[in-house]
Amino acid sequence: MISDVKGFLLDMDGVLYHGDRPLPQAADFMAAIAGRPYCFITNNPVLPPEKVVAKLARLGIVETTTERIVTAAEATADWLAARTPGFRYFAVGGEGLHRALAGRGHEDPGHADYVVVGEGALDFDAIVTGIDLILHHGAKLIGTNPDASVDGSRGGRALVLPGGGALIAPFAVATGARPVFIGKPEPVLYRAALQRIGLMPADCLMIGDRPDTDILGAQRLGMKTALVRTGRFGPGEALPPGVAAPDIDVGGLADLIAALRL
Ligand SMILES: [Mg+2]
C-alpha cells in the first residue's frame, strides 16, 4: 500500500526541474515531504554534490545538504572503495567524477585497477590509455551510468549530448570487456541511497520521469514507484516492454501530492 511509504528517493531532472527551469509545484512537493527521510539520486556524474545542493537552492526548490545527494560518481567511488580499499584508477569524465574518486582512491594511469568512464570530454589518447590498461594490466571497466544520451545545451541551444553509455563504447568495443554500470537502472545507486536514509526498499517510494531507468531499477529492488510524466516521457505514452505499471502514474507533481495525500 502506498500509505505505508516511509521515505522517498527522487530523481531530479524531469521531476523537479528541466535544465535551469524549476517545474510547477517542485518547491511545494519538497516542503510537503520535509519531515520524512528522503534522498536525491542522479545518474548525472558531472556535478559534485555541493553544486547540486547549490542548484536546488538557486532554483528555489529546496535548501538541502550534500548527505541527501547521491550521484552516480559518488556511488561509483564508494563501490570501488568497498571492493578494493585504496584502489588505483584511470578516469575519464567531469569534475564530479574526478573529485569523488580522488577522495577514496589514487589516480594511477600506469597501473590502474579500474578504468572509470563518466561523462565529459573524451579524447583519443584517453581511449588508448584505457584500452591498454584493460588489455595488458587487467584493469576492470566501470561506467558511472548507462545512459545512451543526456539532455544538455551549448550557447543557450538545447542539444542531445552523448551519455555515459555512449562514451564507454569505444573502450568496451575495442577490448571486448563488459562494463559494470553503477547508475540506474542498476541497483548500486539505489542501495547507496537507501543505506543513507536507513530504509528497506519496500518502505520507500522512487519518484522518477523515466520508466526505463528510474522506475525499472526500483521495481527490480522491490521499491514502490511513482512515474511523473514531466520529463522525456510524456502523458499518454505507453510504457516500454519489461516495465510493470508504476504504483502511481501522474502528469505532474500536483497530482503526486494529491495521490500521496501530502
Ligand atoms: Mg530524470
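Readers should treat all values here as calculations from the given coordinates under stated rules, not as data from a laboratory. It should be emphasised that the depicted structure is a prediction, and the values quoted were computed from it without experimental measurement. Cβ sites come from the backbone with ideal geometry, for glycine too, and all protein chains shown count toward neighbours.
Taken as Cα centroids, the stretch 68-93 and the stretch 144-170 sit 20 Å apart, rounded to the nearest whole angstrom. With 0.36 nm allotted per residue and the present C-alpha distance subtracted, the Asp108-Lys6 stretch has 32.5 nm of extension available.
The gain in end-to-end length when the Leu135 to Leu161 segment is fully stretched comes to 6.5 nm, 0.36 nm per residue minus the alpha carbon separation.
Taking the DSSP bridge list for the chain and keeping only pairs wholly inside it, about 20 percent are antiparallel. Applying 1/(1 + (r/R0)^6) with r as the Cβ-Cβ distance of Thr65 and Glu237 and R0 = 25 angstrom yields a FRET efficiency of 0.10. Near Tyr38, the amide H atoms lying under 5 Å from its own belong to Phe8; only residues 5 or more places off or on other chains count, and H is placed 1.01 Å from N.
Cβ under 13 Å from Ala102's Cβ, Ala102 left aside: what net charge do those residues give with Lys, Arg +1 and Asp, Glu -1? With Lys, Arg at +1 and Asp, Glu at -1, the neighbours total -1. Listed peptides 192-201, 70-79, 220-229 appear in the order 70-79, 220-229, 192-201 once ranked by packing, highest mean of other Cβ atoms within 10 Å at the front. The lysine pair count for the chain, using Cα distances under 22 Å and pairs eight or more places apart or on different chains, is 6.
Close amide-amide hydrogen proximity is noted between Tyr17 and Leu23, each under 5 Å apart and 5 or more residues distant or on a separate chain (H modeled in the peptide plane; Pro and chain starts excluded).
The phi-based Karplus calculation (6.51 cos²θ - 1.76 cosθ + 1.60; θ = phi - 60°) puts the 3J(HN,Hα) values of the stretch 238-248 at 6, 5, x, x, x, 9, 6, 4, x, 5, 10 Hz, whole numbers, x for Gly and Pro.
Between Ala174 and Ser149, residue separation times 0.36 nm minus the direct Cα-Cα distance comes to 7.0 nm. Net charge in the neighbourhood of His18 (other residues with Cβ under 11 Å of its Cβ; Lys, Arg +1, Asp, Glu -1) is -2.
Spacing of the modelled spin labels on Asp20 and Arg191, each 7 Å from Cα toward Cβ, amounts to 3.8 nm.
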